[in-house]
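The values are calculated or read from the model by the stated rules, or taken from the named source; none is laboratory data. Since this is a predicted model, take the numbers as computed values, not measurements. Backbone-built Cβ (ideal geometry, glycine too); neighbour counts: all protein chains shown.
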Number of protein chains: 2
Amino acid sequence: MSGNDYTPDTARQLSREVRRQAREGELTDITLNLAPGIVQGNVAILPKDWAADFLKFCWANPRPCPLLAVSEPGDPMLPRLGDDIDIRTDLPMYRVFRDGVMDTDMQDIRNLWQDDFVTFVLGCSFSFDEALRDANIPPRHLQLGLSTAMYRTNIEAISAGPFKGTYVVSMRPYKPADAIRAIQVTSRFPNVHGAPLYFGDPAEIGIRDITKPDFGDVYPVYAGEVPVFWACGVTPQVIIEHAKPPICITHKPSHMLLTDLLNAELAVL
Amino acid sequence: MSGNDYTPDTARQLSREVRRQAREGELTDITLNLAPGIVQGNVAILPKDWAADFLKFCWANPRPCPLLAVSEPGDPMLPRLGDDIDIRTDLPMYRVFRDGVMDTDMQDIRNLWQDDFVTFVLGCSFSFDEALRDANIPPRHLQLGLSTAMYRTNIEAISAGPFKGTYVVSMRPYKPADAIRAIQVTSRFPNVHGAPLYFGDPAEIGIRDITKPDFGDVYPVYAGEVPVFWACGVTPQVIIEHAKPPICITHKPSHMLLTDLLNAELAVL
């Protein structure tokens, strides 16, 4: 489906179908390019005792942790993001951390669900990557069918209780004129990381080797281009690892929650 | 006057007073910082035979030539910019070009006025410099009390009839994070040059030596900063010199037309 046939209703139907497939165990794959136009979210599930500090952390660090929804304790539903979203089943793959250490990946978490679990859904750069592509400045990783290159930095997050550490950033290379346009385009999407944090010399933000991302894939920065760095949704995952809650469940990277929201609805300008 | 006492009405009164002083010959100085909040304009006056092509040139090159007003042929008034603006007297200093060559500077042009003169008023970076200062990222030249450094480039303007040539740009050095903010701030002002065209290596846009501006003052780019380049209102002046109309009258650089418009009224977002 594309062109005039592809309406917001079509996108939402597609998104519900993706969630249904995830729920039934038919889909365990990454969600890139599924249901174009639909907001996909990063997920973090924490016990209530840890949730207040994590909420404060997200509020204090909106660039890496733009909050789209917070559930009621123990309630697996996310009505703010869609009618029928059950966070226990609707992700293609989950990742479970115990005491900050990755324990296992699983297809649903009904057996792990606790009455005190609070779900956080954070905006994801898939949304602004789509906007960049629509603006005819497609990010290189999309063109190459790769994940974004992501790097640990020395940019300190504002801490909240046990949640502290440094930002992870994603990188997209652009010529300066296109970088200016990319800054404009992504400024419209503060709910999905917004404008870049930085561009230029990677060493300035503590990245030693641009050819060795800490997460994701590697791709070249050509002569005449500058690397442009956006705050990344992997940041909270790294922060949670440091905080070592007894249990935390996230999406498996790139296996996102599909919502009923449209990227176009997130644009502020 | 400042703070709560300084209203839009105060700014407009101040602007009218500046025009009155220019009209009476009491003010022949540069207009930087006179009537804060008020839109100041670049001026070019051409015979009607040349005006249609120049209008097309401005329309085709809105970054260096953002048109705020075009007069009726022979009419010295500019009602779009203010009630009482007489372009023959209301600039502090004029510059007269004959056959593209600078001829003389003068305080008023009543004696030179022709029935076929068309006045063009173009937006000026004074407006967005004010916005940058208000955003707490003041351009260095303002902090040092200097004019912007301006450079000829190899960026080709879209030509219209005899009007052709390359862009002149102004340069403001910023750290990358501040440059991103400066791109956001100036994007709100497309009527006064808008977002930058380029940042980074000056050689890429044909600037051989950043320490030797072609116009204006020189100031340093410190380590950790990038030079950021905006299209500049000196461009039309250079273009007019190349086109060699029999007569053209402009403002003397930095001796601008003060209008009754507010910078805040030009912001699009």
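It is to be established whether one or more residues within region B:110-119 are under 30 Å from B:Ile205 (Cα atoms), surrounded by 15 or more Cβ atoms within 10 Å (Cβ to Cβ), touching a residue at least 24 places away in the same chain (Cβ under 8 Å) and out of contact with any Phe, Trp or Tyr (no Cβ under 8 Å at 6 or more places or on another chain).
Looking for residues that are under 30 Å from B:Ile205 (Cα atoms), surrounded by 15 or more Cβ atoms within 10 Å (Cβ to Cβ), touching a residue at least 24 places away in the same chain (Cβ under 8 Å) and out of contact with any Phe, Trp or Tyr (no Cβ under 8 Å at 6 or more places or on another chain), one finds none in region B:110-119, hence no.
Give region B:163-192 a look and list any residue that's within 11 Å of chain A (Cβ to nearest Cβ) and touching a His at 6+ places or on another chain (Cβ under 8 Å), or say none.
B:Thr186
Which condition does B:Ala195 not pass, out of (1) more than 14 Å from chain A (Cβ to nearest Cβ); (2) modelled with pLDDT of 95 or more, if it passes all the others?
Result: B:Ala195 passes all but (1).
What pairs come up if the first residue lies in region A:209-235 and is more than 26 Å from B:Ala203 (Cβ to Cβ) and within 14 Å of chain B (Cβ to nearest Cβ), the second is of a type in the set (A, V, I, L, M, F, W, C) and assigned to a loop (DSSP other than H, G, I, E, B), and their beta carbons are under 7 Å apart, counting only those six or more places apart or on different chains?
Listed pairs, sorted by first residue: A:Trp230/A:Leu197; A:Ala231/A:Leu197.
For region A:236-269, give me each residue that is among the hydroxyl-bearing types (Ser, Thr, Tyr) and at pLDDT 95 or above.
A:Thr250, A:Thr259
With the condition kept exactly as written, say whether any residue in region B:132-153 is in a strand (DSSP E or B), within 14 Å of chain A (Cβ to nearest Cβ) and touching a Ser or Thr at 6+ places or on another chain (Cβ under 9 Å).
Yes: one or more hits.
Name the residues in region B:17-57 that are in a helix (DSSP H, G or I) and of a type in the set (A, V, I, L, M), would you?
Selection gives B:Val18, B:Ala22, B:Ala51, B:Ala52, B:Leu55.
Taking the stated definitions as given, is A:Val101 more than 20 Å from A:Arg23 (Cα to Cα), in contact (Cβ under 8 Å) with a residue 60 or more places away in the chain and in the same structural domain as A:Pro47 (by TED's automatic domain parsing)?
Here the answer is yes, as A:Val101 does meet what is asked.
Return the only residue of B:Ala135, B:Ala131 being surrounded by fewer than 22 Cβ atoms within 10 Å (Cβ to Cβ), over 21 Å from B:Leu81 (Cα atoms), touching a helix residue (DSSP H, G or I) at 6+ places or on another chain (Cβ under 7 Å) and hydrophobic (A, V, I, L, M, F, W, C).
Matching residue, one of B:Ala135, B:Ala131: B:Ala135.
Let me spell it out: the conditions are (1) within 30 Å of A:Arg19 (Cβ to Cβ); (2) more than 14 Å from chain B (Cβ to nearest Cβ); (3) over 20 Å from the mean Cα position of the chain (by Cα), and A:Leu269 meets all of them except one. Which number is the exception?
(2)
Can you give me the number of residues within region A:210-269 that are buried (at least 16 other Cβ atoms within 10 Å of the Cβ), of a type in the set (D, E, K, R) and in a helix (DSSP H, G or I)?
Of the residues in that region, 1 qualify.
Is region B:81-104 home to any residue that is within 21 Å of the chain's Cα centre (by Cα) and under 17 Å from B:Asn263 (Cα atoms)?
Yes - at least one qualifying residue is present in region B:81-104.
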